[in-house]
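Take a look at the structure set out below.
The values are calculated or read from the model by the stated rules, or taken from the named source; none is laboratory data. Quick caveat, the model's predicted, so the values are computed rather than measured. Here Cβ is always computed from backbone atoms with ideal geometry, including for glycine, and neighbour counts include all displayed protein chains. Heads up: the accessible areas ignore ligands, DNA and RNA and are worked out on the full protein's heavy atoms, side chains in. Shrake-Rupley method; radii C 1.70, N 1.55, O 1.52, S 1.80 Å.
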Amino acid sequence: MVVQQQIASTTCPFCGVGCRLDLHINGNQISHATTPYDDIVSKGNLCVKGRFGWDFIYHPDRVLKPLIRKDVGAMPRARPPSDARPPSLPRKPARRDDWRAASWDEALDLVTTRFADIVARFGPDATAVFCCAKATNEDNFALQKLFRAVIGTNNIDHCTRLCHAGSVVALQMAIGSSAMSNSGSDIYDCDVAIITGSNTAESHPIIALQFKDAAMHHGTKLIVADPRRVEMVNFATLWLQQRPGTDVPLFSAMANVIIQERLCNDEFIRQRTENFETFAKAMEEFTPDVAERISGVPAEKIIEAARMYATAKNGAIYWALGIPEHTHGTENALALVHLALLTGHIGRKGTGLNPLRGQNNVQGASDAGAMPWDFPGYQKVDDPEVVAKFRAKWGNAPPPKRGLTTTEIAEAWGAGAVKAQYIMGENPLMSEPNLHHAHHAIENLEFLVCQDMFINETGRYADVILPSASFAEKEGTYTNTDRRVQRVRKAFESIGDVRADWEIISDVALRLEKKLGRERTAYWGYEHPSEIMAEMAELVPAYAGITYERLETERLQWPVSSLQSPGTPFLFAESFPRGRAKFFPLVYQPSVEEPDAEYPYALTTGRVLYHWHGGTLTRHSNLDFAAPEAFVEINPADAPRVPCENDSPVRVSSRRGSVVLRARVTEKAAPGVAFVPFHYAEAAANTLTIDAIDPQAKIPEYKICAVKIEPATLQDLEATMPLGMMER
Ligand code: SF4
């Protein structure tokens, strides 16, 4: 019998590049994945994740029915009259046989009964939700609407807080818009690009291919600023190897050179910016010599980089998490913004300020309002006029005050202020800093529901697991790092009893409205996600012209202001959303925890090519065979100090915890700097990281803390298992 093969044209579910993925289907089985040569994003290439990583869909660990913990009922567990959970009743991670399968009706009834009870006893702000940067725009729009319109809280956030929050706040302060101004492929129109805090080749591989091609064949000069010898260094004209945490002095010294050598674009500064004089005064102290002493980058290299960027016809800046994930992440990003404002390298093709977004839909989840300070479309929750607008549409909206951020919500678990938590697809017990602290905090929750494909480290603490459809089993849209809204298409019928996230949420909303005695005003009768997109387009001006019909033939980059608008490939040609862009004087602040005699290495964390974030998906795929084990990179000069050799087990410890993993002795790590990838639960990097946060953006300092490294044994290595797995 000849099986008819079909192709479902969808979007890659991994990184923010957003390559088109053509899934070749036999029945319910994907046979392979390709991308067309004329695809505007992928240009015919897929990285290993897009090509082979989708087989997590068929993994036997996938949850295919709703699950309820056996000791959970409709009423809270026995507790004393005070509301504090007694010490004898902490939530513990569940073992496999602690769960029982349930019907959707029973599971959703339990979820809504417990949420209604907690709202009735403690008010809406005793609940919180983590939306999901891997889910669609429609899923995220529906989930934030559930919590705002039905429950009435702004305690809504997602992993953007843990990656680019510093970039978002800085860009909002300086120009009034936080998305990438240009596209990755603009590199071909760029003479000089600064790439910083970005291991582009492993985190955004297809954009990296274009960077390499532009550098090798099209004359683009790359300035790579990174403490690690990442792969992009091989293609760079200039490598600035700064010490971790010294970005402000490094980039401010470049600003100093541009001002001192009169390389500024005076007309641009005069016509389109404000506060230049005050800023220029503050930059005087950041001479190249001062920056060399702090950052370790030779002064002459700083001067050369400043001249190269300032005198380019088109200069662009691309950055990733190495910039915002600091206690001064907002200032780091501002230091980059200043370079573009000084030179006028913005508002044209081949220029711009470009924070490369990590997950496939972190841009879209933010656009859809999955944030505590913003309704959909970055409309401020504390603006009474905005609140009135959403109340008019939905019948209900929270009072005009900001909600808690991801890190504040985790604190509120421990303090007992947040008692019921809803999590769609995220895994805070891998992504929060200082994981031991987060594990203790989550034990204090009264009720936890996880909506996911797998039971991850956080799911083990859940009362109810709601099984969700994969990207290949549902319709929707993602918005990639270039602001490009792209279709996600159902390739085959769902496996088991799973449902699309937006369907689950709509069902929860209808039941919860009833249990809370709310009069039904918000619409929840969606039959297709295109209806959710239509509602989003009505409320979000940048999405006003986006429809599913148009997305059949167009790959629109927002803002798309009307049905006639072709979208906007680059921003700020004429003006900035805040009017004039603003310079901010900066001062250098050292990182919270610098290496010392007891903890002599600076730890930095990041990604590897084969895995994605907390590993929930990629560690359930064949990719795990290619990269099965955690490691710590250390410089050959440091290995004798441990002492250790390549591949030998070592224990890495900070003031918060320790992990055992294998040493990888490599020149990629700078002397005195260690690198640990954050995908491996059995050696979770965030056991080590510090929970100090940027006061403005509330983003934790993942990119530097102090650690020590000691020899360990193979027995130590074999004994490691993830936090929360101890009782399995
Ligand atoms: Fe998918 Fe990103 Fe790889 Fe493209 S670069 S195939 S979007 S993981």
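What is the Cα centroid distance between the stretch 204-237 and the stretch 5-76, reported in whole angstrom? Distance between centres, Cα-based: 29 Å.
Here the 3J(HN,Hα) profile of the stretch 574-581, calculated from phi with Karplus coefficients 6.51, -1.76 and 1.60 at θ = phi - 60°, is 10, 7, 9, x, 8, x, 7, 6 Hz, Gly and Pro shown as x. For the stretch 601-718, DSSP calls about 60 percent of its internal beta bridges antiparallel. Translational diffusion coefficient of the chain (Stokes-Einstein, Kirkwood radius from Cα pairs, 10 °C, 1.306 mPa s): 61 µm²/s. With contacts taken as Cα pairs under 8 Å and at least 6 residues apart, the stretch 165-355 reaches a relative contact order of 34 percent. Pairs of Cα atoms in the stretch 601-718 fall into 5 Å distance bins, from 0 up to the last occupied one, in shares of 2, 12, 22, 23, 20, 13, 6, 2, 0 percent.
In this structure, the pairs whose alpha-carbon distance is over 28 Å, taken from K134/K708; K313/K703; K134/K703; K389/K490, are K134/K708; K313/K703; K389/K490. The Cα atoms of the stretch 165-355 cover 40, 35, 31 Å along the three principal axes, with the biggest extent listed first. Surface composition of the stretch 601-718: carbon and sulfur atoms hold 51% of the protein heavy-atom accessible area at a 1.4 Å probe. Here E598 and T666 are evaluated by their C-beta separation; at R0 = 30 Å the FRET efficiency comes out at 0.75.
The ellipsoid equivalent to the alpha-carbon distribution of the stretch 6-58 has semi-axes of 18, 13, 8 angstrom, derived from the gyration tensor eigenvalues as √(5λ) and listed largest first.
Applying 1/(1 + (r/R0)^6) with R0 = 30 Å to the Cβ-Cβ distance of D109 and E443 gives a FRET efficiency near 0.75. The gain in end-to-end length when the N234 to H436 segment is fully stretched comes to 68.9 nm, 0.36 nm per residue minus the alpha carbon separation. Label separation (N646 vs E527): 6.2 nm, computed from points 7 Å beyond Cα along the C-beta direction.
Computed on the stretch 6-58, with alpha-carbon pairs under 8 angstrom and 6+ residues apart, the relative contact order is 28 percent. Using a cutoff of 8 angstrom between alpha carbon atoms and counting only pairs six or more residues apart, the relative contact order for the chain works out to 20 percent. Taking every DSSP beta bridge that has both ends in the chain, the antiparallel portion is near 50%. Look at where the Cα atoms of the stretch 302-347 and of the stretch 608-658 average out, and the two centres are 31 Å apart. The HN-Hα couplings worked out from phi for the stretch 653-669 by the Karplus form 6.51 cos²θ - 1.76 cosθ + 1.60 (θ = phi - 60°) are 10, 10, 5, 10, x, 9, 9, 10, 7, 8, 7, 10, 8, 7, 5, 4, 8 Hz, whole numbers, x standing for Gly and Pro. Peptides 353-365, 689-701 ranked from most to least packed give 353-365, 689-701, packing being the mean of other C-beta atoms within 10 angstrom over each peptide's residues. 3J(HN,Hα) couplings calculated from phi for the stretch 192-199 with the Karplus curve 6.51 cos²θ - 1.76 cosθ + 1.60 (θ = phi - 60°) are, in sequence order, 9, 10, 8, 10, 9, x, 9, 8 Hz; Gly and Pro show x.
With the Cα gyration tensor of the stretch 351-454 giving a ≥ b ≥ c as the square roots of its eigenvalues, does the rule (a/c under 1.5 for rounded; else a/b larger than b/c for prolate; else oblate) give rounded, prolate or oblate? Note, shape of the stretch 351-454 comes out oblate.
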